[in-house]
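Notes follow once the structure below has been shown.
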Amino acid sequence: MALVVIDLQNDFCAGPTAAARYPGSPERLRRVVANTARAVAGARARGVEVVFVRFTGDPEHQGASWRQRDHLLGKRPKCREGSWGAEFCEVVPLPGEAVFTKRACFDAFLSPGFAEHLARTGAARLVFAGLFTDVCVDSTARTAFQRGFHITVLTDCTAALHLADADILRLMTTVYGARTTTHDNPDHWAPTAPSTESGHGAPPTAVPFRPGEGR
């Protein structure tokens, strides 16, 4: 098992770029950051590996379709390498914890070494936190499911950008068999007993998302 923290970076969580882009309340993003910090602390205390994924959107890494989209929609690059916006927001990896970089892409499995790291550590279930539920979290969870991983989403540690939270979480439970829970239920997502799940075993029982959860 591994807790995968996706794109919890300043340009997505804090400051003017995040405020201008996120359609909901900035308080929601602050709660996501605070809850993710608690989830990370809980995972570390229980001996669950924490894996960090970060995004960089520098133009030199963008493909032609990405550049065209940004031009047509007037989007500016976010999380430029070396900028404050690219830094992790409050939740910082400890020495020795794995960090992977997505360069102008959504799916963490496109980060060099990410898939190999999970294979090497033998994780069977990936627990997701971070931003955004309907973009990079979903992209990574979709590939993870197709590669045989069991999926859990901490609904109070993520938020959707374009879709309703309930809609994207319902898709993930229906299509990927994802479990949904919250950070304050660690016995559900980070049990101290050894897991009997395998990477290619029977799919877990999905826990339906309840509207309002994680809001």
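Just a few scattered comments:
- Only a single criterion out of (1) touching a residue at least 12 places away in the same chain (Cβ under 8 Å); (2) farther than 23 Å from Ala34 by Cα; (3) surrounded by fewer than 18 Cβ atoms within 10 Å (Cβ to Cβ) is not satisfied by Ala119, namely (1).
Every residue, every condition in (1) of a type in the set (Lys, Arg); (2) in a loop (DSSP other than H, G, I, E, B); (3) within 28 Å of Gly148 (Cβ to Cβ), yes or no:
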| site | (1), (2), (3) |
| --- | --- |
| Val5 | no, no, yes |
| Glu27 | no, no, no |
| Ala34 | no, no, no |
| Gly42 | no, no, yes |
| Phe55 | no, no, yes |
| His71 | no, no, no |
| Lys75 | yes, yes, no |
| Cys79 | no, yes, no |
| Glu90 | no, yes, no |
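- Per the conditions (1) touching a strand residue (DSSP E or B) at 6+ places or on another chain (Cβ under 8 Å); (2) among the charged types (D, E, K, R); (3) surrounded by fewer than 20 Cβ atoms within 10 Å (Cβ to Cβ); (4) more than 20 Å from Gly57 (Cβ to Cβ), the sole criterion not satisfied by Asp165 is (3).
- The requirement of being touching a residue at least 40 places away in the same chain (Cβ under 8 Å) and either surrounded by fewer than 19 Cβ atoms within 10 Å (Cβ to Cβ) or among the aromatic types (Phe, Trp, Tyr) (or both) is satisfied by Gly15.
- Val153 being on the phi < 0 side of the Ramachandran plot, buried (at least 24 other Cβ atoms within 10 Å of the Cβ), modelled with pLDDT of 95 or more and not in a helix (DSSP H, G or I): yes
- Considering Arg44, Arg31, Arg38, the condition of being basic (Lys, Arg), modelled with pLDDT of 95 or more, surrounded by fewer than 22 Cβ atoms within 10 Å (Cβ to Cβ) and closer than 14 Å to Phe132 by Cα is satisfied by Arg31 alone.
- Complete set of residues in segment 168-185 that are part of a loop (DSSP other than H, G, I, E, B), surrounded by 15 or more Cβ atoms within 10 Å (Cβ to Cβ) and on the phi < 0 side of the Ramachandran plot: Ala178, Thr182, His183
- In segment 122-150, the qualifying residues are those that are of a type outside the set (Phe, Trp, Tyr), touching a helix residue (DSSP H, G or I) at 6+ places or on another chain (Cβ under 8 Å) and not in a helix (DSSP H, G or I), and the one that is surrounded by the fewest Cβ atoms within 10 Å (Cβ to Cβ) is Arg147.
- Screening Trp189 on (1) within 30 Å of Ala20 (Cα to Cα); (2) in contact with a Leu (Cβ under 7 Å, 6 or more places away or on another chain); (3) surrounded by 21 or more Cβ atoms within 10 Å (Cβ to Cβ); (4) at pLDDT 95 or above shows it passes everything except condition (1).
The values are calculated or read from the model by the stated rules, or taken from the named source; none is laboratory data. Because the structure is predicted, anything quoted here is derived from the model rather than measured. A quick note on method: Cβ atoms are made from the backbone with ideal geometry, for glycine too, and the neighbour counts reach across all protein chains shown.
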